[in-house]
Amino acid sequence: MSPAVYVQTNDASDNEVIAFSRADDGALAPLGRCSTGGRGTGKPHLASAGSVVLSDDGRWLLVVNAGSDELSLFAVQPDGLQLADRVGSGGSKPTSVAISGALVYVLNNGTPNISGFHLAEGKLTALTGSTRPLSGADADPAQISFTPGGEALIATERGTNSLSSYTIDEHGYAQGPTTIRSSGQTPYGFGLTKDGSLIVSEAFGGAMGAAAASSYAVSDTGELTMVSGSVGNTRTEVCWVALTNDDRFAYVTNFGDGTVSCYEIAADRSLRLHEPVAGSNRQGQKGLRDEAISSDGRYLYAIHADAQKLCGWAVGQDGQLAPASEFEGCPAPLPDWPPADRNRVPDADQIRLKPLAPPVRAPSARPVHGRRQHQLSRGRPDRARPGLPGHWRREGCSADRILLIEASLKVLAHRCRQLTTDTQTLSAQDMHN
């Protein structure tokens, strides 16, 4: 079985999840789409990380609806997605979500705050009194995530140049926040190593050549202690972080000049700039955005939204990136696409693959870091639960609606240009600015 890739459209009138299958050679094919029952913001860029997440056991997909202040829950079934529940997010403009076991926390950018839920039997139940503020009304949070063991939550605050952490008590309630000053300005995306160390990107307000990353040790109580202060990469406007499966290297995409930088993560979790330009596409031009490493650790993918391309690199044992693929263009529309939908163009957001069954190794791929397993969820027509508007629909994609991704990874979608039915253009994915 090949992996499944999930995308949310962030559509202002009807937010949807779109799924793609990936063949053994990496080719993608649209499987279908399912309404979240909520609304996105309708803006081209949902400036966050983690708006679509999958549970550790691969059974549940969570999607934020930033326009209607809701969180949607999908059951991941062998033959598709089923909308299981939809609840208020506990604040305004939810942009990131985290899950650990049965515990779910949403990051609300508009309020700003976090709010907790319990997941059981396909239902999300709000934890009464679980809403906690960020450090201030001007926090402008970007991402939330649990530490690997689920003992703590971490959120980045761009507006206050801070990192906030929360300890999770035995009842699932977040205690905090405990907030520290970020080593550098505009902390954005982050990754967590398997031992819980935190690697954070620092955009420095988009200042030319000022992009950096820093690292922190995270205690069981969520206390953050800086390990490496800001380590510059000489590039511009860094935002996203992806770690290799063995936690030896961190890749950051630099939106400001279309490059990928590589940091080496030492045994003590300090950072060293390995390569300021490990990969690039249209270097010097803005647009290289969200990135992720495939589940098997063999490939790094990033979207160049402005060029409407998906770029891929093979990940070597020593952190080097070798160009592996570049995809652009939309397929011709398929006849079963509802004509009424062709005036609705999806905006940006994120994807997530379901990790379950073993991947098929491409003949040309080099052996690289770590191995995980993943499996595809196939789409078929199905009915949603009573009272919920979403259902899985197996459909084709028209040229003004298509979202194409070429990997089993987390990437973001960017708005397609207005196209005629014979135009061949890629709608790349994005979440920045």
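Derivation of every value follows stated rules applied to the coordinates shown; laboratory data play no part. As the structure is a computational prediction, the values presented were derived from the model and not from experiment. Cβ placement follows ideal geometry from the backbone for every residue including glycine, while neighbour counts extend to all protein chains displayed.
Numbers at a glance
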| read-out | value |
| --- | --- |
| Prolate/oblate/rounded call for the stretch 154-246, Cα gyration tensor, a/c under 1.5 rounded | prolate |
| Theoretical gain in end-to-end length, Glu223 to Lys43 [0.36 nm per residue, Cα-Cα removed] | 61.3 nm |
| Sparsely packed chymotrypsin sites (Phe, Trp or Tyr not before Pro) within the stretch 231-262, loop by DSSP, other Cβ within 10 Å at most 11 | none |
| Shape call, the stretch 46-338: gyration tensor on alpha carbons, a/c limit 1.5 | oblate |
| Dipole of the stretch 46-338, positive end: most advanced residue of Gly205, Tyr216, Gln175 [Cβ charges, Cα centre] | Gly205 |
| Length gained when the stretch His171-Arg282 is fully extended (0.36 nm per residue, less Cα-Cα span) | 35.0 nm |
| Exposure proxy ranking, count of Cβ atoms within 10 Å, fewest first, for Trp60, Trp313 | Trp60, Trp313 |
| Ascending count of other beta-carbon atoms within 10 Å, so fewest first, for Glu16, Glu170 | Glu170, Glu16 |
| Estimated FRET transfer efficiency (Glu121, Ser92; beta-carbon r; R0 25 Å; 0.05) | 0.35 |
| Residues Val63, Val104 arranged by fewest to most Cβ contacts within 10 Å | Val104, Val63 |
| 5 angstrom amide H check on Gly279, placed H, neighbours 5+ away | Val260 |
| Gyration tensor (alpha-carbon) shape descriptor, the stretch 223-290, a/c threshold 1.5 | prolate |
| Long-range HN-HN contacts of Trp240 with modeled amide H, under 5 Å | Thr253 |
| Modelled FRET efficiency - R0 22 Å, Asp246 with Gln185, Cβ distances, 0.05 increments | 0.15 |
